[in-house]
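The values are calculated or read from the model by the stated rules, or taken from the named source; none is laboratory data. Since this is a predicted model, take the numbers as computed values, not measurements. All Cβ positions, even for glycine, are placed from backbone atoms using ideal geometry, and neighbour counts span all protein chains on display. Just so you know, the surface numbers come from the protein's heavy atoms only, side chains and all, with ligands and any DNA or RNA stripped out. Shrake-Rupley method; radii C 1.70, N 1.55, O 1.52, S 1.80 Å.
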Protein chains: 2
Amino acid sequence: MFDVVFVEPESPGNVGFMARAMKNFGLNRLVLINPCHIGEEAQCHAMHAQDVLENCKTYPSLSQFLEETGIDFKVGTTGTAGGSYNVHRIAVTPEKLTDSINLDSKVALIFGREGDGLTNHEIDLCDVVVTIPTSNDYPIMNISHAAAVIFYELYKKVKLYPIGDVRESSRQEREDITRYMDQILGDLDYPPHKHQTTLTIFRRILGRAFITGREAHTMKGVFRKIKDRMIKDHVKDK
Amino acid sequence: MFDVVFVEPESPGNVGFMARAMKNFGLNRLVLINPCHIGEEAQCHAMHAQDVLENCKTYPSLSQFLEETGIDFKVGTTGTAGGSYNVHRIAVTPEKLTDSINLDSKVALIFGREGDGLTNHEIDLCDVVVTIPTSNDYPIMNISHAAAVIFYELYKKVKLYPIGDVRESSRQEREDITRYMDQILGDLDYPPHKHQTTLTIFRRILGRAFITGREAHTMKGVFRKIKDRMIKDHVKDK
C-alpha cells in the first residue's frame, strides 16, 4: 500500500498534476503536509483524478504524519543526490528502489517542496532516498514529472495490467512466415548464397519488429498467397 | 540524435514543460508542428531550459518535417494503445523501444496534441508506436509526464552520467563489516546456531541496503571499534 506524501506544496497546479500522475499509475492515497490552498487550479490540473484530490488527507508536519500512521518503509526523494560526502542524500535510482521494495508493506513516497525539496531533517526520517538520473546540465525536474517517473517504475513491478489485449507472436508464427519467404526465394531462382543471406535478413527483421500474434497471422496470409501465386504463374509459364 | 516533435501543441505551458523535461534528460532538439503561440507561459514552465525553446524549429505539418529532414527512425506515441485489432496503434513499451533503438541513427520522438494525440495518418508515418503501461482506471497521462517517462527510459540506456560521484561498496567491504560482527557475536558468547543465524541476517541486511564505499568505510570503523572495546573489556573482566 502506497501513500504519496507531498510536503508543503507551493503551487495548487502541481498538486493537481500529482493527483493525475498517481491515478495514471493506480495510486490513490494522497497526503498533503501543511499545503497551500487547494482550489480550482488543482482540480483543473487533476483532470479525471478528482477523487484522488477529494480523498486526500492533510497533516501539519511530516513527523506527525509518520507518528500517527504505521508506515513500514519511508522513501524520500531528492533532485540533488549527495555524492559520497553528503551522507543524508546518498540515493538509489528508481529501478533499485523498485527491486528492493516490498509491495505488501505500508510505503510512503515522500516528495518535497517545489523550490527546496525535503530538508535534511525530513530526509533523515526516511529509510531510503531515491533520485532520478538526469543530465548534469539541468538536473532538477518538475516535481510532478519526477513523481510520474517514480510511479511508472513502481508500476512496472506491480504489472497489474498488460497493455491492451496484445499477444506477442510466437517464434513458430514468425518461422512460418520465414518458411514462405524461403519458398518464394526458391521460386525466384536466387543463387544459393544470396538466398540464404536474404532469408537471414528477413528473419532478423521479423525478430526485431515485436510482431503481435494478429500481425503474424496477417503476414502469414500475405506471404502464403504470394508464394501460391508465384508458383502457379511459374508452372503456367513453363 | 533525437528530435522531439510536438504536433500541434494546444497549450504553451505544455511546450514549456516539454522543453524542461527534454533538458533534464540531455535532449535539446525540439520541433513544433503548427503550434499555438509560444510566449511567456511557455518560457515560465521551461524554467532553465530557455535555450531549448529558443532553438526550437517549426514546420507546418508532420509529413513536411519528415520529408525535409533525413530521419532514420520515427517513433510515434499514443495513450490509447490499440490492442490486437487496431493495427495502427499496436504499441511497444518504453523499455522495449529502448532495447531496440539505435542511438547512432537519427530518431524522431513524436508526440501528439494534448487532447487528441496523433491521428491514424500520422501514426502510420511512424516505424514504431510506443505507449506507457498505465492503469485502466485512468490511462491518459499529461503529455509532458508521458514525455518525461519516455526520455527517462531512453536516458537510462544512454547512461551518460552516473549519479553524483557515488561508488557502490564492494562485496569485500561488506564482508569486512560482517567479519567484525562475527567477532562481536563470538565475544557475546552466543550459542553457535544463534550466532550463525544472526550473522546471516546481518549480512543480508548489508546486501540489500545499497551501501556506498563511503558508508562501508564508516560502518567498518564503527564495528571495528565496538569489537576492540568489547574484547578489551572482556579481558579486563577476567
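The residue among B:Met219, B:His193, B:Ala146 whose Cα reaches farthest toward the positive pole of the charge dipole of chain B, with charges on the beta-carbon of Lys, Arg, Asp and Glu, is B:His193. Accessible area buried by the pairing of A and B, both sides summed with a 1.4 Å probe, works out to roughly 5000 Å². From the largest down, chain B spans 89, 42, 35 angstrom on the principal axes of its Cα atoms.
By the helix-only formula, in which each DSSP H run with n ≥ 4 contributes -39500 (n - 2.57) and the sum is divided by residues, chain A has a 222 nm mean residue ellipticity of -15500 deg cm²/dmol. The magnitude of the dipole of the protein assembly as shown, with charges of +1 and -1 set on the Cβ of Lys/Arg and Asp/Glu and taken from the Cα centre, is near 2160 debye. Between the Cα long axis of helix B:12-24 and the first principal axis of chain B there is an angle of about 40°, rounded to the nearest 10.
Normalised by the number of residues in chain B, the average gap of Cα pairs under 8 Å and 6 or more apart makes the relative contact order 19 percent. Net charge of the neighbourhood of B:Ile143, taken over other residues with C-beta under 10 Å away and scored Lys/Arg +1, Asp/Glu -1, is -1.
Per residue, the solvent-accessible area of the protein assembly as shown (1.4 Å probe, heavy atoms of protein chains only, all protein chains present) comes to 50 Å². With a 1.4 Å probe and every protein chain kept in, tell me what percent of the accessible surface of the protein assembly as shown is carbon plus sulfur. For the protein assembly as shown, the apolar C and S fraction of the accessible surface comes to 50 percent. The other copies place their A:Glu67 label points at 6.9 nm from this one, listed shortest first, where each point is 7 Å from Cα along Cα→Cβ.
Angle check, please: helix A:213-237 long axis (alpha carbons) against the longest principal axis of chain A (alpha carbons), in degrees 0 to 90, nearest 10. Roughly 10 degrees, rounded to the nearest 10. Using a Gaussian network model of chain B in which every pair of alpha carbons under 10 angstrom is joined by a spring, one finds that among B:Ala46, B:Ala81, B:Ala216 the greatest mean-square fluctuation is at B:Ala216. For chain B, a simple Cβ point-charge model (Lys and Arg +1, Asp and Glu -1, everything else neutral) yields a dipole of about 1860 debye relative to the Cα centre. Between helix B:143-158 and chain B there is an angle of about 60 degrees, using the helix long axis and the longest principal axis of the Cα atoms. Surface calculation, 1.4 Å probe, protein heavy atoms: B:Phe111 sits at approximately 0 Å² accessible. Counting only heavy atoms of the protein chains and using a 1.4 Å probe, B:Ser169 has close to 10 Å² of accessible surface. For the protein assembly as shown, the calculated P(r), taken from all Cα-Cα distances in 10 Å bins from zero up to the bin holding the longest distance, is 4, 17, 24, 21, 15, 10, 6, 2, 1, 0, 0 percent.
Take the Cα of B:Asp187, step 7 Å toward its Cβ, do the same at A:Thr200, and the gap between the two points is 6.5 nm. Which entries of A:Lys74/B:Lys156; A:Lys96/A:Lys157; A:Lys74/B:Lys23; B:Lys74/B:Lys106; A:Lys96/B:Lys194 show an alpha-carbon separation above 19 angstrom in the structure shown? In this structure, A:Lys74/B:Lys156; A:Lys74/B:Lys23; A:Lys96/B:Lys194 exceed 19 Å between Cα atoms.
Between the alpha-carbon centres of region B:5-58 and region A:129-150 there is a gap of 18 Å.
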